[in-house]
Amino acid sequence: MTSIANATAVVERRPRHLLTLSDLGDHGLQAMLDLTARLKREPEAFRGALAGGRVGMIFDKPSTRTRVSLESAAWMLGMLPIVLRPDELQLGRGETIHDTARALSLYLDALTVRTHDQADVEAIAAAASIPVINALTNEHHPCQALADVMTLEEEFGTLAGIQVAFIGDGDNVCHSLIQAAGLGGFELRVATPPGYEPDPAIVEEARARALQTGGVIILTHDPEEAAYGVEAVYADVWTSMGKEAEGDARRAAFAGFTVDPDLMSRASRSAIFLHCLPAHRGEEVTDTVIDGPASRVWKQAENRLHTETALLYAVLTGDPTGERLT
Ligand code: CP
Ligand code: NVA
């Protein structure tokens with residue numbers, strides 16, 4: 001059994017933080033997928049592997065899947081999960097991010113953070129002496145992307161060379177998928193309305209990485225062009241958490257970007273449908289698609305639990321291949 005005390009002996013080998021998916025590095029994504037596949041085959045090898053550990057979980061936005069999957073993952077590994085809401089912390093009364101991160105590092109072995117600005121999770125990571133995992137910011141959602149690529153790999157046997165269309169907002173989920181395409185060597189076509197494109201810096205970074213992996217990132221304003229012949233169509237909400245005031249303007253801007261049976265018919269005949277959830281049914285996706293035979297959203301949601309269990313194990317032990325498990 002791997003203990004937290006043993007894990008610190010190999011601290012230099014672990015990915016220090018996961019603030020964006022790119023932090024996994026060139027071979028890290030495949031290592032995480034392989035480790036997750038092993039976890040799904042042999043869950044008992046992981047049970048209690050981090051007994052005695054403690055992981056804090058700051059949730060500054062609502063969450064169903066991320067909170068419950070992370071808490072369950074920690075429990076399965078034998079760790080104490082401590083969910084922290086900012087209004088219950090001194091952070092909510094003006095204690096600085098820096099002081100909060102330093103104090104929490106004295107008690108915990110890792111910290112997951114769901115908040116608004118990516119800069120805040122980076123500030124926490126800079127001040128913390130423990131690994132920090134981004135559990136969603138306005139700009140990134142790396143934990144989601146891990147489950148997404150796990151689902152793609154399970155469905156198609158490989159990431160290399162498959163074609164995926166993301167239809168909607170160039171948001172946090174889209175950014176992490178773009179990084180996944182760069183790391184994993186698949187083609188991602190992103191269709192957004194004008195003005196809702198992904199961050200050009202994230203696209204450029206992923207394209208540079210894709211030169212080594214064979215990945216391709218294509219941007220368009222035409223959902224049908226993006227969906228044409230792809231193996232998977234992906235949707236996320238048009239109005240992300242914190243942008244509710246823009247809801248009406250977004251519904252108008254995203255008209256024509258609903259993933260419906262007609263748009264799915266442009267994709268490969270065997271194409272699957274993915275969605276990070278929660279879904280706003282009737283906006284970005286119709287009931288007929290999300291509840292239809294192409295939908296893999298529940299498999300994708302289940303994979304959140306497995307990928308996050310593997311991620312916590314890898315981050316805390318510096319054993320990304322699981323070689324130290326018995
Ligand atoms: N996909 C996802 O992150 O869901 P929650 O917001 O419910 O955590
Ligand atoms: N883009 C969505 C993802 C929710 C998991 C949001 O940030 O609200």
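No value in this document is a laboratory result; all are computed from the given coordinates. Predicted model only: the values in this text are computed from it and were never measured. Cβ coordinates were reconstructed from backbone atoms using ideal geometry, including for glycine residues, and neighbour counts include every protein chain displayed.
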**Report entry** Cα→Cβ-extended label distance, 7 Å offset, between E244 and H221, nm
**Finding:** 3.1 nm
**Report entry** Cβ crowding within 10 Å averaged over residues, with 197-205, 273-281 ranked highest first
**Finding:** 273-281, 197-205
Report summary line: For E205 and A126, extending 7 Å from Cα along the Cα-Cβ vector and measuring point to point gives, in nm, a value of 1.5 nm
Requested in this report: Decide, for the stretch 48-174, between rounded, prolate and oblate: order the square roots of the alpha carbon gyration tensor eigenvalues as a ≥ b ≥ c, take rounded if a/c falls under 1.5, and otherwise choose prolate if a/b is larger than b/c, else oblate.
Outcome: oblate
Query raised in the report: Put +1 on the Cβ of every Lys and Arg and -1 on every Asp and Glu Cβ in the chain; which of F46, T66, S268 then has its Cα farthest towards the positive end of the dipole?
Result: F46
Query raised in the report: Counting Lys and Arg as +1 and Asp and Glu as -1, each charge on the Cβ, what is the dipole of the chain about the Cα centre in debye, to the nearest 20?
Result: 960 debye
Query raised in the report: Which of the lysines could be linked to K40 by a straight reach, that is with a Cα gap under 17 Å, when you skip same-chain ones fewer than 8 residues away?
Result: K299
Query raised in the report: Residue-wise, which Karplus ³J(HN,Hα) couplings in Hz belong to the stretch 294-305, taking 6.51 cos²θ - 1.76 cosθ + 1.60, θ = phi - 60°, and x for glycine or proline?
Result: 7, 6, 10, 5, 7, 5, 4, 5, 5, 5, 4, 5
**Report entry** Estimated vicinal HN-Hα couplings, Hz - the stretch 192-202 in sequence order (Karplus 6.51, -1.76, 1.60; Gly, Pro = x)
**Finding:** 10, x, x, x, 10, 5, x, 4, x, 5, 5
Query raised in the report: Under 20 Å from the 7 Å Cα→Cβ point of D117, by amide nitrogen: which residues of the stretch 192-212?
Result: 199-202
Report task. Please report, in Å, the Rg and the Dmax of the stretch 84-143, where both are computed over Cα atoms only. Result -> 10.7, 29
Query raised in the report: So how much slack lies between R38 and K61, counting 0.36 nm per residue of separation and subtracting their Cα-Cα distance, in nm?
Result: 5.1 nm
Requested in this report: Considering Cα pairs under 8 angstrom that are at least six residues apart, work out the relative contact order of the stretch 59-179 and quote it in whole percent.
Outcome: 20 percent
Query raised in the report: Counting only residues 5 or more places away or on other chains, whose amide H sits under 5 Å from the amide H of Y234 once H atoms are built in the peptide plane?
Result: A165, F166, I167, L274
Report task. Compute the separation of the alpha-carbon centres of the stretch 61-88 and the stretch 311-326 and state it in Å as a whole number. Result -> 20 Å
Query raised in the report: Out of I133, Y107, A147, whose Cα points farthest toward the positive end of the dipole of the stretch 96-157 (charges: +1 Lys, Arg; -1 Asp, Glu; placed on Cβ)?
Result: Y107
**Report entry** Distance (nanometres) between label positions extended 7 Å along Cα→Cβ at H27 and R47
**Finding:** 3.2 nm
Report task. Enumerate the calculated ³J(HN,Hα) couplings along the stretch 252-266 in order (Karplus 6.51 cos²θ - 1.76 cosθ + 1.60, θ = phi - 60°), each rounded to whole Hz, writing x wherever the residue is Gly or Pro. Result -> 6, 5, 8, 4, x, 9, 6, 7, 10, x, 5, 5, 4, 5, 6
**Report entry** Calculated [θ] (222 nm, deg cm²/dmol) that DSSP helices of n ≥ 4 give over the chain, each run adding -39,500 (n - 2.57)
**Finding:** -12000 deg cm²/dmol
